[in-house]
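Below: the structure, in structure tokens.
The values are calculated or read from the model by the stated rules, or taken from the named source; none is laboratory data. Model, not experiment: these values are computed from the prediction. All Cβ positions, glycine included, derive from the backbone under ideal geometry; neighbour counts span all protein chains shown. To get the accessible areas, we keep the full protein, side chains included, count just its heavy atoms, and leave off ligands, DNA and RNA. Shrake-Rupley method; radii C 1.70, N 1.55, O 1.52, S 1.80 Å.
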Amino acid sequence: MAESIVIPFRKKENATYDHGRDHERELAIQIGIQIRAYLASVKPLRGCRWCDNAAFHAGRTAIEQLAMAYLSGDDTLDPTLAQCADMLEYLSSVEPVDPRIDYASGGVETCGWIAVLKYVQTSMREVSHG
């Protein structure tokens, strides 16, 4: 994947790590879970006219693929600038399902949102630097 995204999580008790590889795998799984939690916590903006366009749906699909890549350990995901733009389209067109969700509180949904933003940011930089 583009860049390691470090999002803290609790280490399992009595876990052993093989030269960091198991730790990296566990971290990737955690990030995938956080991204899926974010997706489950949002819905299209009320009254949003552009929330039913192709870019919105492509963005959600790209974010779902990102979560699945983290969960499965697939490091071949290589988004284009258009896919990054679609992800940003989706992120800018959703609101919390439950208005009591406070993304500033740093919960699992927030970590998923930040993971997607960091991934898009890193991917765009990589594409722009060739």
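Computed quantities for the displayed model
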item	result
Residue in the range 15-27 that is modelled with pLDDT of 90 or more, farther than 14 Å from Val94 by Cα and open to solvent by 30 Å² or more (accessible area, probe 1.4 Å) present	yes
Selection count where residues are exposed (fewer than 13 other Cβ atoms within 10 Å of the Cβ) and either at pLDDT 95 or above or of a type in the set (Ser, Thr, Tyr) (or both), scope the range 98-127	1
Selection count where residues are closer than 14 Å to Val116 by Cα and aromatic (Phe, Trp, Tyr), scope the range 36-75	2
From Glu95, Glu126, residue being touching a residue at least 60 places away in the same chain (Cβ under 8 Å) and charged (D, E, K, R)	Glu126
Residues that are out of contact with any strand residue (DSSP E or B) (no Cβ under 9 Å at 6 or more places or on another chain) and touching a residue at least 40 places away in the same chain (Cβ under 8 Å), drawn from the range 41-59	Trp50
Any hit, the range 86-97, residues being assigned to a helix (DSSP H, G or I), buried (at least 19 other Cβ atoms within 10 Å of the Cβ) and either among the basic types (Lys, Arg) or in contact with a strand residue (DSSP E or B) (Cβ under 8 Å, 6 or more places away or on another chain) (or both)	no
The range 62-82, residues that are part of a helix (DSSP H, G or I), touching a residue at least 12 places away in the same chain (Cβ under 8 Å) and farther than 13 Å from Ile31 by Cα	Ala62, Leu81
